[in-house]
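A.B. asks: After the structure tokens below, expect a handful of questions from me.
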Amino acid sequence: MTSPSGPSRRQVLVAAAAAAAAPLVAAAPAEAAARPRTWDLTLLGTSDTHGNVYNWDYYRDAEYDDSKHNDIGVAKLATLINQIRAERRGKATLVLDAGDTIQGTPLATFYAKQEPITTTGEKHPMARAMNIIDYDAVTLGNHEFNYGLPLLDRWIRQLGFPALAANAVNVKTGKPAFLPYVIKKVSLGFAAPTLRVGILGLTNPGVAIWDRGNVEGKLRFDDMVATAAKYVPIMRARGADIVLISAHGGDSGTSSYGPELPNENPVALIAQQVPGIDAILFGHAHNEVVERFVTNERTGAQVLLSEPSKWGQRLTRMDFTLAREHGRWTITRKSATMLNTNTVVEDPKVLAAVRAQHQKTVAYVNQVVAQATVEMSTVESRYKDTPILDFINHVQAETVTKALAGTPYADLPVLSQASPFSRTAVFPAGDVKIRDVAGLYVFDNTLEAVVLTGAEVRAYLEYSAKYFTTLAPGAPVDLETISDPSVPDYNYDALSGVDYDIDISKPVGQRITRLVLPGTDTPVADDAQFVVAVNNYRRSGGGNFPGIVKTQVYNEQQEIRQLLIDWAQAKGTIDPADFFQPNWRLVREGVPVF
């Protein structure tokens with residue numbers, strides 16, 4: 001862990017600009033009073049880059065593109081950052097990142113799983129890329145904890161700048177587990193006294209749920225609002241002229257995991273409740289928030305907020321105008337704009353630094369694992385039972401069934417849970433490659449299993465069914481609006497092992513109109529018992545599904561993506577006839593929607 005005590009060896013001091021001799025022209029006293037001298041500071045912000053360096057889609061083995069023609073990657077961000085630094089030569093420009101950096105692409109996974117930096121000594125590709133940009137600080141996101149604390153610590157040590165997380169606390173010592181903040185001495189240019197910029201980093205408290213296996217008993221994650229309230233006065237007392245926060249949490253004020261932990265997305269609440277903050281760069285929700293002002297309820301000050309989308313698609317630019325009054329710095333104006341990385345080419349230095357690792361990852365993900373007898377796609381998996389989602393459920397259920405042989409749970413039926421993580425994943429007919437499986441299962445989840453009663457299974461399915469909008473019988477069906485936009489696809493679960501109908505004409509909570517044992521008309525009894533194969537994110541409380549947070553009967557820390565790859569390699573053929581069993585459907589008053 002990184003010690004928070006004493007001056008940080010990574011703290012970077014912006015060198016004072018050389019002072020040139022100025023012409024001695026006296027201004028009239030009235031004119032000088034009317035036009036006080038001002039200086040400016042620019043903050044550039046990135047967030048949720050998620051292992052993207054190249055503008056590359058590893059799942060399609062092609063340059064990245066989407067319907068809006070966004071580009072991605074740190075190499076694109078570097079070009080924009082370098083352009084702005086060049087334009088502002090001699091003026092102060094800071095660069096921060098708000099987290100979720102080392103997870104999200106096959107490139108990041110390869111150096112965490114296939115050739116982990118903890119065993120090879122290799123420098124992580126995201127350290128290589130970000131060190132070339134020369135960030136001033138990065139905040140730890142929740143996904144930084146996905147691969148365990150040793151890998152996280154190794155990555156932090158590879159960075160040439162501080163990694164911040166004030167609300168991550170060492171359970172044994174009660175002290176911050178990482179550097180909470182830095183105070184940087186910044187030169188604003190000619191004839192300006194030094195500006196001291198305080199930068200506070202806040203990570204997401206949901207780590208305690210989502211990565212419980214990696215942090216339980218080691219770290220606790222305090223409330224982000226309370227932590228800001230603790231540290232902002234300390235930073236001010238230690239000389240910070242302005243205070244910036246880099247926070248890995250959204251601004252909605254809501255949580256995906258329920259009320260049992262501190263708020264997941266409290267950034268607007270921080271701005272509203274904690275005095276002394278000038279601006280907040282934030283991430284986590286993957287939204288594009290160009291410029292939002294929140295009024296602090298105690299001081300009336302306007303706090304500037306901005307969130308730069310995801311994957312390196314956008315770069316936040318915050319501009320501050322500062323004046324020196326009575327020996328103190330004040331911000332007289334602040335604003336934010338958003339830059340699109342699809343307007344520039346990739347930075348060649350970043351590409352060169354990561355090229356070998358990128359090429360090794362491309363070669364790995366293009367290995368063939370099996371032959372598919374037919375094409376299988378997730379295009380319809382949100383609203384229809386599809387073979388490709390049943391492939392996940394079959395492998396999970398089979399793995400758990402084999403593991404429980406000879407245990408007290410061996411005779412219980414095994415259900416399985418899967419979510420449509422991607423709307424575009426495809427197994428082509430013929431060669432199925434690692435990248436195709438990775439495109440289907442994009443998260444680094446592990447497999448667990450718990451025991452649920454029939455009543456709990458029904459409650460689980462009712463909760464999942466809130467994903468769909470309510471459509472009266474006979475109303476036209478629009479596939480673009482069939483799901484509630486407030487519920488992400490990864491929080492809709494389909495279960496295998498029972499047959500059921502979801503009536504989307506009925507209110508939420510009354511939609512499971514048919515729940516029977518497979519291939520029968522026998523209703524599932526409330527006191528029946530089932531083993532449910534489930535990913536660790538869901539089992540630990542992600543999505544706030546009812547009944548699932550309980551003691552596991554299976555947990556061998558097997559990564560689900562790798563289980564899918566291993567199964568396909570062992571079989572050699574992926575044939576829906578081996579695993580596809582349609583068991584659920586959408587209906588309205590008993591009439592199938594499709």
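A.B. asks: Could you list, in sequence order, all residues of segment 374-388 that are farther than 23 Å from Val587 by Cβ, touching a helix residue (DSSP H, G or I) at 6+ places or on another chain (Cβ under 7 Å) and outside any strand (DSSP E or B)?
C.D. replies: The one that is farther than 23 Å from Val587 by Cβ, touching a helix residue (DSSP H, G or I) at 6+ places or on another chain (Cβ under 7 Å) and outside any strand (DSSP E or B): Val374.
A.B. asks: Being modelled with pLDDT of 95 or more and of a type in the set (A, V, I, L, M) is the filter; apply it to segment 17-71 and report the residue that is nearest to Lys310 (Cα to Cα).
C.D. replies: Of everything passing the filter in segment 17-71, Val53 is nearest to Lys310 (Cα to Cα).
A.B. asks: Select, from Ala229, Ala285, the only residue that is in a helix (DSSP H, G or I) and at negative phi.
C.D. replies: Ala229
A.B. asks: Kindly indicate whether any position in segment 113-122 is farther than 22 Å from Lys310 by Cβ, in contact with a Leu (Cβ under 8 Å, 6 or more places away or on another chain) and open to solvent by 10 Å² or more (accessible area, probe 1.4 Å).
C.D. replies: Scanning segment 113-122 turns up at least one residue that is farther than 22 Å from Lys310 by Cβ, in contact with a Leu (Cβ under 8 Å, 6 or more places away or on another chain) and open to solvent by 10 Å² or more (accessible area, probe 1.4 Å).
A.B. asks: Taking the residues in segment 136-163 that are among the aromatic types (Phe, Trp, Tyr) and in contact (Cβ under 8 Å) with a residue 60 or more places away in the chain as candidates, determine which candidate is surrounded by the most Cβ atoms within 10 Å (Cβ to Cβ).
C.D. replies: Among those residues, the one meeting the criterion is Phe145.
A.B. asks: Also, I was wondering about something else. Of the residues in segment 265-277, how many are assigned to a loop (DSSP other than H, G, I, E, B) and either surrounded by fewer than 24 Cβ atoms within 10 Å (Cβ to Cβ) or among the basic types (Lys, Arg) (or both)?
C.D. replies: Going through segment 265-277 one residue at a time, the tally reaches 3.
A.B. asks: What residue, among those in segment 454-490 that are part of a helix (DSSP H, G or I) and of a type in the set (Gly, Ala, Ser), is nearest to Asn544 (Cα to Cα)?
C.D. replies: Among residues in segment 454-490 that are part of a helix (DSSP H, G or I) and of a type in the set (Gly, Ala, Ser), the one nearest to Asn544 (Cα to Cα) is Ser464.
A.B. asks: Name the single residue that is surrounded by the most Cβ atoms within 10 Å (Cβ to Cβ) among those in segment 518-555 being free of Cβ contacts under 8 Å to residues at least 24 places away in the same chain and assigned to a loop (DSSP other than H, G, I, E, B).
C.D. replies: Result: Val549.
A.B. asks: Output the number of residues of segment 108-161 satisfying the condition of being acidic (Asp, Glu), closer than 22 Å to Asp211 by Cβ and either touching a helix residue (DSSP H, G or I) at 6+ places or on another chain (Cβ under 7 Å) or part of a loop (DSSP other than H, G, I, E, B) (or both).
C.D. replies: 2
A.B. asks: While we're here: Regarding segment 83-91, can at least one residue be identified that is more than 19 Å from Glu307 (Cβ to Cβ), touching a Leu at 6+ places or on another chain (Cβ under 9 Å) and surrounded by 24 or more Cβ atoms within 10 Å (Cβ to Cβ)?
C.D. replies: No, that holds for no residue.
A.B. asks: What tally of residues in segment 371-393 results from selecting those that are open to solvent by less than 70 Å² (accessible area, probe 1.4 Å) and under 30 Å from Asp484 (Cα atoms)?
C.D. replies: Number satisfying all stated conditions: 16.
A.B. asks: So which residues in segment 508-517 are in a loop (DSSP other than H, G, I, E, B) and either surrounded by fewer than 17 Cβ atoms within 10 Å (Cβ to Cβ) or modelled with pLDDT under 95 (or both), if there are any at all?
C.D. replies: Val508, Gly509, Gln510, Leu517 - these are the residues of segment 508-517 that are in a loop (DSSP other than H, G, I, E, B) and either surrounded by fewer than 17 Cβ atoms within 10 Å (Cβ to Cβ) or modelled with pLDDT under 95 (or both).
A.B. asks: Taking segment 286-344 as the search range and keeping residues that are among the hydroxyl-bearing types (Ser, Thr, Tyr) and surrounded by fewer than 16 Cβ atoms within 10 Å (Cβ to Cβ), which one is nearest to Asp71 (Cα to Cα)? Steps first, please.
C.D. replies: If we filter segment 286-344 for residues that are among the hydroxyl-bearing types (Ser, Thr, Tyr), which is where we start, we get 295, 299, 306, 309, 316, 321, 330, 332, 335, 337, 341, 343.
Right, trim to surrounded by fewer than 16 Cβ atoms within 10 Å (Cβ to Cβ) and you get 295, 299, 321, 330, 332, 335, 337, 343.
Working: Thr295: 34, Thr299: 40, Thr321: 31, Thr330: 37, Thr332: 35, Ser335: 25, Thr337: 18, Thr343: 9 Å.
That would be Thr343.
A.B. asks: Give just the number: which of (1) crowded, with 24+ Cβ neighbours inside 10 Å; (2) part of a loop (DSSP other than H, G, I, E, B) does Leu200 not satisfy?
C.D. replies: (2)
A.B. asks: Looking at Lys175, Lys230, can you tell me which residue is more than 25 Å from Leu269 (Cβ to Cβ), open to solvent by 10 Å² or more (accessible area, probe 1.4 Å) and more than 22 Å from the chain's Cα centre (by Cα)?
C.D. replies: On inspection, the qualifying residue turns out to be Lys175.
A.B. asks: Could I ask something else about it? Please find, within segment 394-438, the residue that is most open to solvent (accessible area, probe 1.4 Å) out of those that are part of a strand (DSSP E or B) and over 24 Å from Gln557 (Cβ atoms).
C.D. replies: The extreme case among them is Asp431.
A.B. asks: So which pairs qualify, if the first residue must be in segment 396-411 and without any contact (Cβ under 8 Å) to a residue 12 or more places away in the chain, the second must be in a helix (DSSP H, G or I), the Cβ gap must be under 7 Å, and the two must be at least 6 apart or on different chains?
C.D. replies: none
A.B. asks: Tell me which residues, restricted to segment 439-449, are over 20 Å from Ile548 (Cβ atoms) and either out of contact with any strand residue (DSSP E or B) (no Cβ under 8 Å at 6 or more places or on another chain) or open to solvent by 20 Å² or more (accessible area, probe 1.4 Å) (or both).
C.D. replies: Correct list: Val442 only.
A.B. asks: Related question: Considering only segment 489-517, state which residues are hydroxyl-bearing (Ser, Thr, Tyr) and in contact with a helix residue (DSSP H, G or I) (Cβ under 9 Å, 6 or more places away or on another chain). Can you show your working first?
C.D. replies: The first filter runs over segment 489-517 and keeps only residues hydroxyl-bearing (Ser, Thr, Tyr), leaving 490, 492, 496, 500, 505, 513.
Scanning segment 489-517 gives Tyr490, Tyr492, Ser496, Tyr500.
A.B. asks: What are the pairs with Cβ atoms under 8 angstrom where one residue, in segment 204-224, is farther than 24 Å from Leu281 by Cβ and the other, located anywhere, is among the β-branched types (Val, Ile, Thr) and surrounded by fewer than 24 Cβ atoms within 10 Å (Cβ to Cβ)? Sequence gap at least six, or different chains.
C.D. replies: Gly213/Thr446; Gly217/Val171; Lys218/Val171; Arg220/Val169; Arg220/Val171
A.B. asks: Moving to a separate point now. Is it true that some residue in segment 439-446 is farther than 18 Å from Arg561 by Cα, touching a Leu at 6+ places or on another chain (Cβ under 9 Å), of a type in the set (A, V, I, L, M) and not in a loop (DSSP other than H, G, I, E, B)? Reasoning before the result, please.
C.D. replies: Going through segment 439-446, the residues farther than 18 Å from Arg561 by Cα turn out to be none.
Scanning segment 439-446, I find no residue that is farther than 18 Å from Arg561 by Cα, touching a Leu at 6+ places or on another chain (Cβ under 9 Å), of a type in the set (A, V, I, L, M) and not in a loop (DSSP other than H, G, I, E, B), so the answer is no.
A.B. asks: Moving on to the next point. Filter segment 58-80 for residues that are outside any loop (DSSP other than H, G, I, E, B) and either touching a residue at least 40 places away in the same chain (Cβ under 8 Å) or touching a helix residue (DSSP H, G or I) at 6+ places or on another chain (Cβ under 9 Å) (or both) and give the result.
C.D. replies: Going residue by residue through segment 58-80, those that are outside any loop (DSSP other than H, G, I, E, B) are 62-63, 74-80.
Result: Val74, Ala75, Lys76, Leu77, Ala78, Thr79, Leu80.
Per-residue answers, yes or no, for (1) modelled with pLDDT of 95 or more; (2) open to solvent by 30 Å² or more (accessible area, probe 1.4 Å); (3) closer than 19 Å to Leu322 by Cβ; (4) part of a loop (DSSP other than H, G, I, E, B):
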site: Gly189; (1), (2), (3), (4): no, no, yes, yes
site: Ala192; (1), (2), (3), (4): no, no, yes, yes
site: Pro205; (1), (2), (3), (4): yes, no, no, yes
site: Leu244; (1), (2), (3), (4): yes, no, yes, no
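The values are calculated or read from the model by the stated rules, or taken from the named source; none is laboratory data. Only a predicted model underlies this, so the values are computations on that prediction, with no experimental measurement involved. FYI the Cβ positions are ideal-geometry reconstructions off the backbone, even for glycines, and counts take in every protein chain you see. Surface accessibility is based on the protein's heavy atoms, side chains included, excluding ligands, DNA and RNA. Shrake-Rupley method; radii C 1.70, N 1.55, O 1.52, S 1.80 Å.
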